[in-house]
Amino acid sequence: MIIDYDDPTHWPPTISAFLEEHHVFFADWFGDQTLATGPRYDALIWQLSALLRPHEILAWHCTRLREPEAAMILKAGMELPSVDTLTKRINAALADGAFGPEIAESFRLRHQADSLTRAGRIWFLFTRPRNDDGVQDFFRFWGGESLYAAIDRDPILGPVLRSVGTPSIVEAAIPMTYFQDSLGYETDIARQYCPWRAGRSAEGVPHDRAVAPIPPECIRRIIAFLRSGIHRSDWLRQLFEAAFP
């Protein structure tokens, strides 16, 4: 079953029943912690993880893609980031005339695709992005953080990264087992349930990293903003409205 973080009403019955049974404990843990204890919390989160594991979760990847890249994701899925995959993207963009050989060589020399915090991980949001808080640079610069992080302010390379591709959102339904190097999606689920049950909105933007390639059958759609000549705040608003009317 696909879990929509934003809609606890339709979560799998086993998940809802477990969280309802323990909602007093979780509400206290995420609140004043007057009664909740760490060992008990760890035990419950471990149980929740086991209940979540058979399911998938709806997730969104914020990025900037060229049209051939978007088509390839729909056809073949998403590869794990690496020096090799970034080099292939650079070479393909060069072959298509997106930039010249000197720019391509600068990209190959100044990336951070071998960083341990970036290689082998694809980052996803579990809640629908309604604005660009925290994700604006993913839409603004082509190539991903491993490329733009070191050169976004470069007076020559930065503008090139802003000119390639279009702001895009990849929507996928991903098996929970893909998040083996988890930041704590179980906590995100429990943290969402408690305020939802009380009629409030949860705080924060839940996100995590998949550590396996995403096969094409997991990709639901790619929303891309294709118009030009529009103020940044307007194209962002239109992108989000097109994705989530």
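Worth a mention:
- Convex hull of segment 84-201 built on C-alpha atoms - directionally averaged projected area, nm²: 9.0
- The charge dipole of the chain, taken about its Cα centre with unit charges on the Cβ of Lys, Arg, Asp and Glu (plus for the first two, minus for the last two), comes to roughly 540 debye.
- Kirkwood-Stokes translational diffusion coefficient of segment 39-94, alpha-carbon pairs, 37 °C, 0.692 mPa s, µm²/s: 224
- Entry comment: accessible area of the chain is 51 Å² per residue, from protein heavy atoms only and a probe of 1.4 Å.
- Heavy-atom accessible surface of the chain: percent carbon and sulfur, 1.4 Å: 53
- Ranked by the mean number of other Cβ atoms within 10 Å of their residues, highest first, the peptides 88-95, 71-78, 140-147 come out as 140-147, 88-95, 71-78.
- Each peptide in 47-53, 34-40, 4-10 receives the mean, over its residues, of other Cβ atoms within 10 Å, and ordering these scores from highest gives 47-53, 4-10, 34-40.
- Once you divide the Cα radius of gyration of segment 1-154 by 2.2 N^0.38 Å, the number left is 1.40.
- Segment 63-173: relative contact order as a whole-number percent, Cα under 8 Å and 6+ apart: 39
- Sequentially through segment 196-213, phi angles give Karplus couplings (6.51, -1.76, 1.60; θ = phi - 60°) of 4, 5, 8, x, 10, 8, 6, 8, x, 10, x, 7, 7, 10, 7, 10, 9, x Hz, Gly and Pro residues having no value and appearing as x.
- Comparing THR117, LEU86, LEU58 along the charge dipole axis of segment 53-135, the residue lying farthest to the positive side is LEU58, per the Cβ-charge model.
The values are calculated or read from the model by the stated rules, or taken from the named source; none is laboratory data. This is a predicted model, so every value here is computed, not measured. Every residue, glycine among them, receives a Cβ derived from its backbone with ideal geometry; neighbour counts consider all protein chains shown. Remember, those area values only see protein heavy atoms, side chains included, never the ligands or the DNA or RNA. Shrake-Rupley method; radii C 1.70, N 1.55, O 1.52, S 1.80 Å.
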